[in-house]
Amino acid sequence: MTANQRIFLSILLQGFGFICNILSIVILTRYMSVQSFGDFSLSISIITVLSMIIISTTSDFSVKEIANA
């Protein structure tokens, strides 16, 4: 697989994920109360922030380990 094909596939998969995310939010807003959707949104926000912190520290650790090898 060439670099251009990998880039195209990556963009395609990210677009598909974005569309799925939007559709799931639309469906959830129809079936959840305002309070439940607020709680859901808050939990998703917290999970997103924590995952970004974990990913960034894991990446830094990986670079240090590769540099020491």
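The values are calculated or read from the model by the stated rules, or taken from the named source; none is laboratory data. Just so we're clear, the structure is a prediction, and the values are computed from it rather than from any experiment. Neighbour counts are summed over all protein chains in view; Cβ atoms, including those assigned to glycine, are modelled from backbone coordinates with ideal geometry. With ligands, DNA and RNA removed, areas are computed over all heavy atoms of the protein, side chains included. Shrake-Rupley method; radii C 1.70, N 1.55, O 1.52, S 1.80 Å.
For the reader, a short list of remarks on this structure follows.
- In the context of the full set of protein chains, residues of the chain present 89 Å² of accessible surface per residue (probe radius 1.4 Å, heavy atoms only).
- One decimal place: the segment residue 19-residue 63 gains 12.6 nm when fully extended, by the rule 0.36 nm per residue minus the C-alpha distance.
- Per-residue SASA remark: residue 1, around 150 Å² accessible (1.4 Å probe; ligands, DNA and RNA not included).
- On segment 11-69, 74 percent of the accessible area sits on carbon and sulfur atoms, based on a 1.4 Å probe.
- With a Förster radius of 25 Å applied to the C-beta separation of residue 11 and residue 47, the computed FRET efficiency comes to 0.55.
- When the helices of the chain are scored as -39500 (n - 2.57) per DSSP H run of n ≥ 4 and the total is divided over every residue, the value at 222 nm lands at -33500 deg cm²/dmol.
- Computed with every protein chain present, the accessible area of residue 8 is close to 140 Å² [probe 1.4 Å].
- The tail of the calculated P(r) for the chain beyond 15 Å holds 73 percent of all Cα-Cα pairs.
- Angle in degrees between helix 34-68 and the longest Cα principal axis of the chain, rounded to the nearest 10: 0
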